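Enquirer: Have a look at the structure that comes next, please.
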Amino acid sequence: MMKRKASWLMMLTVIVMLSLIVSACSGGGSINTGNSGSSDSSGSSGGNVNGSGEQAVKLRILWWGSQQRHDATMEALKLYTEQNPHVTFEPEFSGWDGYWDKLSTQSAAKNAPDIIQMDSAYLAEYASRNQLLDLSSGIDTSKMDQALVDTGKYQDKLYAISLGNNAFGMAYNKEAVEKLGLTPPQTGWTWEDYWAFGREAKAKIGDGGYVLMDMSRDIDVYGLYQMSKGKGYYVTDDGKFNMDWETWMEWITTIGELREEGVIPPADVQVTDKELDPNLDLLAKGTVLIRQLHAAQATALDNLNPGGMALVTMPRGDEGSGWLKSSMFWSVSANTQYEEESKKFIDWFINSEEANAILGTTRGVPVNNEVLAAMEPNMSEADKMGVELIRETAPIAQPFKTEPKGWPNFRNKDYRMIAEKIMYKQITPEQAWEEIVSKSKEYE
C-alpha cells in the first residue's frame with residue numbers, strides 16, 4: 001500500500017510540473033502571428049489559438065489614397081487589434097496609379113487581399129468574375145441610407161460596403177483668387193461661367209501661369225458634361241457606346257482653344273500632374289487655380305494649403321451636373337480564408353464611433369447616420385467644407401453611373417491614349433473621333 005501511494009504521489013508531481021511548464025510557455029494571452037506592415041508571401045495566415053480560445057488571424061488589407069488616409073487607417077487597424085488581440089493586419093497601400101493593375105494581377109492568381117478597397121467603376125467587373133464575396137449578411141447597414149447601401153450591389157447582391165458619402169466638384173485656390181480680385185466660383189455656376197472664369201483669370205495672371213486643368217483625358221468629366229446637356233452618359237447601362245459627336249467636338253474644341261490661349265497648361269506640363277501630391281499636384285504647386293476633386297478629399301486638399309483652398313460644385317448645364325456617389329467601398333475577396341473575421345472588421349469600421357473618430361472624413365462623410373450626427377459638431381473646417389459640397393451638389397446632381405464590364409479599361413487606357421495624342425497635336429479632333437469610335441466597338 002505504501003509503495004502504491006508513493007507511486008501516485010510521484011505521478012501527481014509530474015503532472016503538476018508539466019502544467020507549470022505549458023503555462024509558462026503560453027504566457028496566458030493571444031499569440032500575435034504578425035504585425036501591421038509585415039509581409040507574408042503566402043498571403044493570409046492563421047496562427048495558433050490564443051488564450052481566450054480564438055484563432056489568431058492575420059488579415060491582408062489593401063487600399064489607395066493620400067498619406068493622411070494611410071496614417072488614419074493604420075491607427076484604426078491598431079485600435080482594432082487592441083480590441084481584438086487575435087487579429088492582426090498585413091496592410092498594402094498605394095496611390096491610385098497602378099492600384100488596379102496590381103489588384104487585377106493578384107485576383108487572377110487568386111491571391112487578392114482578404115479586404116479590398118473597391119471603387120464603383122470596377123465593382124461590376126470584379127463581381128461578375130466571382131472574385132468578390134457576397135456581403136448581404138453579417139454586416140449591419142441599418143444606420144445607412146438604403147440608396148447608399150444599394151450602390152454596393154451588382155445584380156441584386158451586395159458585394160461592397162460603402163465607406164463614405166461623396167460628391168464630385170471642383171477645388172480652387174481661394175487665396176489666389178482673392179488676390180487677383182476675381183469673383184470666386186459660386187454654387188450652381190454653368191460651364192459657360194467656368195470657361196469665362198478661366199479666361200478672366202488668365203488675363204490677370206498674364207504669362208506667369210495657367211488657370212484651368214486640361215480635362216481632355218478625363219472621360220468621366222466629359223461624361224458629366226454630356227449628361228448636363230441631356231445626352232446621357234458616354235456609355236449606356238447595357239454597354240453601348242453613347243458619346244455624342246456634336247457635344248464631344250464642342251468639348252474638345254473648347255479645351256483646344258483654351259490650351260492655345262494659355263488658359264490651360266501645355267501637354268508636357270499637364271501630364272506631370274499627380275492629384276494631391278504636394279510636389280506634383282498642379283493646384284498645390286500654383287500652376288493652375290482650379291481642378292476637379294471629390295468632397296472626400298477635402299481634408300487632404302486643405303493639408304496642401306491650410307485655409308487657402310475651397311470647394312465648389314461642378315459647372316452645370318440645363319440638366320444639372322456633378323454627382324453624389326459612394327466615395328469608395330470595402331469588399332472581401334471570394335478566396336479569403338477568413339470570411340467572418342473580414343465581415344466583423346468591416347462592421348466595426350463603419351459603425352464604431354471610436355473608429356470613425358480616428359478616420360474622420362478620410363474616406364468621405366461617415367455612412368452611419370448616428371455616427372455622423374455625433375461627429376459633425378467636432379469636425380474640422382476642412383471636413384465641413386466636404387460635407388457642404390455634398391449638400392450643395394445634391395439638388396443638381398446627375399445620377400451616378402457605373403461602367404459596364406470592360407469599359408473601365410476603355411476609359412483608363414484607350415481613351416486616355418487617344419486624348420493625349422490630341423494634347424500633343426499628333427492628331428486632329430476629327431481623327432481622334434474616328435479612333436475612339438473604332439476602339440469602342442471592341443467593348444460593345
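Enquirer: Run the numbers for LYS384 and GLU54: contour at 0.36 nm per residue of separation, minus the present Cα-Cα distance, in nm.
Expert: On the way: separation 330, 0.36 × 330 = 118.80 nm, distance 4.09 nm.
So the extension gain works out to 114.7 nm.
Enquirer: Another question, then. Can you give the accessible area of THR253, probe radius 1.4 Å, in Å² rounded to 10?
Expert: Taking all protein chains as shown, THR253 has close to 60 Å².
Enquirer: Another one. Note the per residue figure in Å³ for the convex hull of the C-alpha positions in the stretch 244-310.
Expert: Details: hull volume 7.3 nm³, N = 67.
Per-residue hull volume (Cα only) is 108 Å³.
Enquirer: I would also like to ask the following. May I ask you to give the solvent-accessible area per residue for the chain, in square angstrom, as obtained with a 1.4 angstrom probe? Walk me through the numbers on the way to the answer.
Expert: Details: 20050 Å² over 444 residues.
Value for the chain: 45 Å² per residue.
Enquirer: Then there's this: Out of residues 5 or more away from LEU293 or on other chains, whose amide H comes under 5 Å of its own, with H placed 1.01 Å from N in the peptide plane?
Expert: Here the answer is GLY169, MET170, ALA171, since their amide H atoms fall under 5 Å of that of LEU293.
Enquirer: Among the trypsin sites (Lys or Arg not before Pro) in the stretch 50-151, which ones are in a DSSP loop with at most 16 other Cβ atoms within 10 Å of the Cβ? Mind listing them?
Expert: Numbers: sites: LYS58, ARG60, ARG69, LYS78, LYS102, LYS110, ARG129, LYS143; in loops: LYS110, ARG129, LYS143.
The qualifying sites are LYS110, ARG129, LYS143.
Enquirer: While we're here: Of ASP193, ASP207, ASP237, which has the most accessible area with a 1.4 Å probe, and how do the rest follow in descending order?
Expert: So, going from the largest accessible area down, we get ASP207, ASP237, ASP193.
Enquirer: Taking amide hydrogens as modeled 1.01 Å from N in the peptide plane, which residues meet the under 5 Å criterion relative to ALA310, leaving out close sequence neighbours?
Expert: TYR172, LYS174
Enquirer: Each residue of the stretch 176-182 in turn: what ³J(HN,Hα) in whole Hz from Karplus with 6.51, -1.76, 1.60 and θ = phi - 60°, glycine and Pro shown as x?
Expert: 5, 4, 5, 5, 7, x, 8
Enquirer: Also, quick follow-up: Could you go through the stretch 279-284 in sequence order and give the Karplus-derived ³J(HN,Hα) for each residue, using 6.51 cos²θ - 1.76 cosθ + 1.60 with θ = phi - 60°, rounded to whole Hz, and x for Gly and Pro?
Expert: After applying 6.51 cos²θ - 1.76 cosθ + 1.60, I find 9, 10, 5, 5, 6, 4 Hz.
Enquirer: Only Lys, Arg, Asp and Glu count, each charged at its Cβ (+1, +1, -1, -1), so figure out the dipole size of the chain about its Cα centre, rounded to 20 debye.
Expert: Working: 42 positive and 62 negative charges, 333 e Å.
In total the dipole reaches around 1600 debye.
Enquirer: Running a GNM on the chain with Cα contacts under 10 Å, which residue among THR141, THR183, THR402 ends up with the highest mean-square fluctuation?
Expert: Maximum among the listed residues: THR183.
Enquirer: Subtract the Cα-Cα distance of ASP207 and LEU280 from 0.36 nm times their separation in residues, and report this length gain in nm to one decimal.
Expert: Numbers: separation 73, 0.36 × 73 = 26.28 nm, distance 2.05 nm.
Length gained, ASP207 through LEU280: 24.2 nm.
Enquirer: Work out which helices of the chain, taken as complete DSSP H runs, extend at least 20 Å along their axis over the Cα atoms and score a mean Kyte-Doolittle of 0.0 or more, then list them.
Expert: On the way: long enough: 2-26 (37 Å, 1.34); 67-83 (24 Å, -1.31); 191-205 (21 Å, -0.91); 245-260 (22 Å, -0.56).
Those that pass (Cα extent of 20 Å or more, hydropathy at least 0.0) are 2-26.
Enquirer: Please work out how much accessible surface HIS294 shows to a 1.4 Å probe, ignoring ligands, DNA and RNA, in Å² rounded to 10.
Expert: For HIS294, the solvent-accessible surface is approximately 40 Å².
Enquirer: For the chain, place one equal point scatterer on every Cα, skip the solvent, and apply the Debye formula. What is log10 of I(q)/I(0) at q = 0.08, 0.13 Å⁻¹?
Expert: The computed values of log10 I(q)/I(0) come out as -0.51, -1.21.
Enquirer: Separate question: Could you tell me the distance between the Cα centroids of the stretch 236-286 and the stretch 299-347, to the nearest Å?
Expert: With the stretch 236-286 and the stretch 299-347 each reduced to a Cα centre, they are spaced 22 Å.
Enquirer: Taking H placed 1.01 Å from N in the peptide plane, check which residues at least 5 places from LEU132 or on another chain put their amide H under 5 Å from its amide H.
Expert: ALA334
Enquirer: Of HIS294, TYR222, PHE241, whose Cα points farthest to the positive end of the dipole of the stretch 211-305 (charges on the beta-carbon: +1 Lys, Arg; -1 Asp, Glu; origin at the Cα centre)?
Expert: Of the candidates, HIS294 comes out farthest on the positive side.
Enquirer: For ASP318, tell me the accessible area in Å² from a 1.4 Å probe, rounded to the nearest 10.
Expert: 140
Enquirer: Ok, one more. Roughly how many percent of the accessible protein surface of the chain is carbon and sulfur, given a 1.4 Å probe and a whole-percent answer?
Expert: That share works out to 50 percent.
Enquirer: Could you compute the net charge surrounding ASP414? Neighbours are other residues with a C-beta less than 10 Å from the C-beta of ASP414; K and R count +1, D and E count -1. Provide the component values of the computation, followed by the final result.
Expert: Numbers: positive: ARG411, LYS413, ARG416, LYS439; negative: GLU435, GLU442.
With Lys, Arg at +1 and Asp, Glu at -1, the neighbours total +2.
Enquirer: Net charge around LEU158, counting only other residues with Cβ within less than 15 Å of its Cβ (Lys, Arg = +1; Asp, Glu = -1)?
Expert: Values: positive: LYS153, LYS157, LYS343; negative: ASP134, ASP140, ASP145, ASP150, ASP156, GLU339, ASP347.
Taking every other residue near LEU158 into account, the sum is -4.
Enquirer: Now a separate question. Express in nm, to one decimal, how much length is gained between ASN369 and ARG199 on full extension, taking 0.36 nm for each residue of separation and deducting their alpha carbon distance. Walk me through the numbers on the way to the answer.
Expert: Working: separation 170, 0.36 × 170 = 61.20 nm, distance 4.20 nm.
Roughly 57.0 nm would be gained on extension.
Enquirer: While we're on this one: About its Cα centre, what dipole magnitude does the stretch 348-413 give when the only charges are +1 on Lys and Arg Cβ and -1 on Asp and Glu Cβ, stated in debye to the nearest 20? The partial results should precede the final answer.
Expert: Details: 7 positive and 9 negative charges, 131 e Å.
For the stretch 348-413, the charge dipole is close to 620 debye.
Enquirer: Through the Karplus equation 6.51 cos²θ - 1.76 cosθ + 1.60, θ set to phi - 60°, convert the phi angles of the stretch 286-303 into ³J(HN,Hα) values in whole Hz; use x for Gly and Pro.
Expert: Computed from phi, the couplings for the stretch 286-303 are x, 6, 10, 9, 8, 8, 6, 7, 9, 4, 5, 9, 4, 5, 4, 4, 5, 5 Hz.
Enquirer: Then there is this: Over the Cα atoms, compute the radius of gyration (one decimal) and Dmax (the largest Cα-Cα distance, rounded to a whole number) for the stretch 274-401, in Å.
Expert: Computed over the Cα atoms of the stretch 274-401, radius of gyration and Dmax are 16.7, 50 Å.
Enquirer: On to the next question. Under 26 Å Cα to Cα from LYS285, which lysines show up? Leave out anything in the same chain fewer than 8 places away.
Expert: Partners within reach: LYS174, LYS179, LYS202, LYS204, LYS274, LYS384, LYS421, LYS425.
Enquirer: Turning to a different aspect of this structure: State the Kirkwood hydrodynamic radius of the stretch 331-444 in Å, one decimal place, computed from all pairs of distinct Cα atoms. Walk me through the numbers on the way to the answer.
Expert: Details: mean 1/r = 0.0541 Å⁻¹.
One decimal place: 18.5 Å for the Kirkwood radius.
Enquirer: In the P(r) worked out for the stretch 137-241, what percent of Cα pairs fall beyond 25 Å? If you can, show how the numbers build up before the last one.
Expert: Values: 2569 of 5460 pairs.
Percent of Cα pairs beyond 25 Å in the stretch 137-241: 47.
The values are calculated or read from the model by the stated rules, or taken from the named source; none is laboratory data. In this text, all values refer to a predicted model and were calculated from it rather than measured experimentally. Note that we place each Cβ from the backbone using ideal geometry, even for glycine, and neighbour counts take in every protein chain shown. Quick note on the areas: whole protein, heavy atoms, side chains included, nothing else; ligands and nucleic acids left out. Shrake-Rupley method; radii C 1.70, N 1.55, O 1.52, S 1.80 Å.
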